[in-house]
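Structure record follows, encoded as structure tokens.
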Amino acid sequence: MAFVEKRGQWYRVVFRHEGKRYTHTLKTQDSDVADGILGGVKKTLMLLQQRVLHLPDGADVLDFVFRGGQVQNPPARPTGAETPAAGETPPEKRFTLQELQTRYAETLAVGSVEANSLETVRMHLRHFVRTLGADFPLPSLSLGNLQAHVARRAKEKGIRNRPLSPTTMRKEMASLRAAWNWGVQAGLLTGPFPNKGLKYPKTAEKPPFQTRQEIERQIQRGSLSEAEQKELWDCLFLGLGETEELLTFVKRTAIQPWVYPAFCFAAHTGARRSEILRAKLADLDLEGGTVRVHEKKRAHDRRTTRRIPLSPFLTQILGDWLSVHPGGPYLFTQQLHVFRSKKRSRTTGHKGEGTREKSLRGRLAGVTERKHPGHAPLTKDEVHDHFKRTLAGSKWAVLRGWHVLRHSFASNAAMQGVDQRVINAWLGHQTEEMVQRYRHLFPDQERHAINLVFGKAAKGQAS
């Protein structure tokens, strides 16, 4: 028997073992955290009762139960016993969460994952360090510890000050599970990751991709908060006509010569921002009408590529770009002299002057020149900055980043009736969740079916 009760400001766990009553204060005022820890205690007591676990002689019961059946300081052997007795297993080295975090990140850093993916893993593991502590002994990790982490994270805020998404919690747990499995393979840990039975808050399904007109109608109805409106704009996809209009606008306003061909490349291939940055001249086959895209997300144990056909429009744009390409191995690169705006205008001394024209004048008045001895590879921050500044002050400013062009590519392909398997091959690493978000755009099948059911009745009523 085990239960949670609150004494004063703190919760505590009470349980009985072999007729003796034990209590332990949890130093938490959060009932969800307390319930999570209680789950781990109940599991350990059940394993003791079933003789799956055995309490070592001299071990502290409270310490044993709250560490999930592990002994932090096993009883010392008699003086003079330099080696374990016959049949005795040597005590395991105390392997901490901090050690796992450091060693696992060092292993991934050799190039098996993308740099931003590595930083994401590190961030996820830091959240567990906040919950459990850097010196937490991993062999004692239990379901209760993981449930306590979920309970704590569920009370925190995510982007736009909204409750943290259960999807984010699952991603954090997946990072720890992957690190745990690596530790097992490296001989640092034993047993399966103890997440069986872990409960998460309910996940809110993301809205499907929508056109600008659909989103504007919802906003015009009112009652949507600013955060809800931004969430809707995250679901925006551009139709074929809008994509063409956007590219025309970019051609007219882009400051650097690589920006327009990069926009065209993203819109006509569905490539991710990182894939655009990795594209090399050797990957481009204008005569064959294809480009090879280097992936890092589809497989973690090898480098993969996919081949995407080039539209006639993109073939022409890339051919024109190659005629003025500044050199170097990458398809999109800086010129030898790169003009960068300062954060503050020399003419006004203020950031963000309110209109696109003033902003452009301020940038041109306050440029500084950076020279490169040859080609100048682009960074993700640079391409994001140019995306935003190219669209600033226009109706396209609602676009959050390069990924909207990937969503638009998939959605327009679906609307034109392209087979889903072909779309998945073009995009690479297409998840079922993403497929569901634009599946409603496949033409006519569902509309035709509903018309078969109710079409005749509607005509009869109309007549």
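The values are calculated or read from the model by the stated rules, or taken from the named source; none is laboratory data. Worth saying up front: this structure is predicted, and the values here are computed from it rather than measured. Neighbour counts are summed over all protein chains in view; Cβ atoms, including those assigned to glycine, are modelled from backbone coordinates with ideal geometry.
Quick notes
- Residue that is surrounded by the fewest Cβ atoms within 10 Å (Cβ to Cβ), among those in the stretch 387-422 that are among the polar types (S, T, N, Q) and in the same structural domain as Y260 (by TED's automatic domain parsing): S394
- Any hit, the stretch 217-240, residues being touching a residue at least 60 places away in the same chain (Cβ under 8 Å), part of a helix (DSSP H, G or I) and over 30 Å from R153 (Cβ atoms): yes
- The residues of the stretch 34-59 that are within 22 Å of E5 (Cα to Cα) and out of contact with any strand residue (DSSP E or B) (no Cβ under 8 Å at 6 or more places or on another chain), listed by number, are G36, G39, G40, K43, T44, M46.
- The residue pairs whose first member lies in the stretch 243-262 and is of a type in the set (D, E, K, R) and assigned to a helix (DSSP H, G or I), whose second member is at pLDDT 95 or above and crowded, with 19+ Cβ neighbours inside 10 Å, and whose beta carbons are closer than 6 Å, counting only pairs six or more residues apart or on different chains, are K251/Y260.
- Residue within the stretch 296-304 that is assigned by TED's automatic domain parsing to the domain that holds S394, under 24 Å from the mean Cα position of the chain (by Cα) and in a helix (DSSP H, G or I) present: no
- Taken as a whole, the stretch 256-270 holds no residue that is assigned by TED's automatic domain parsing to the domain that holds R389, surrounded by fewer than 19 Cβ atoms within 10 Å (Cβ to Cβ) and among the β-branched types (V, I, T).
- Those residues of the stretch 98-148 which are of a type in the set (G, A, S), surrounded by fewer than 21 Cβ atoms within 10 Å (Cβ to Cβ) and not in a helix (DSSP H, G or I), in sequence order: A109, G111, S112, G133, A134
- The set of residues from the stretch 7-52 being surrounded by 12 or more Cβ atoms within 10 Å (Cβ to Cβ) and free of Cβ contacts under 8 Å to residues at least 12 places away in the same chain comprises just one member, M46.
- Near pairs, Cβ below 6 angstrom, 6+ apart or cross-chain, from the stretch 415-429 (without any contact (Cβ under 8 Å) to a residue 40 or more places away in the chain) to any residue that is part of a helix (DSSP H, G or I): I423/A410; I423/A413
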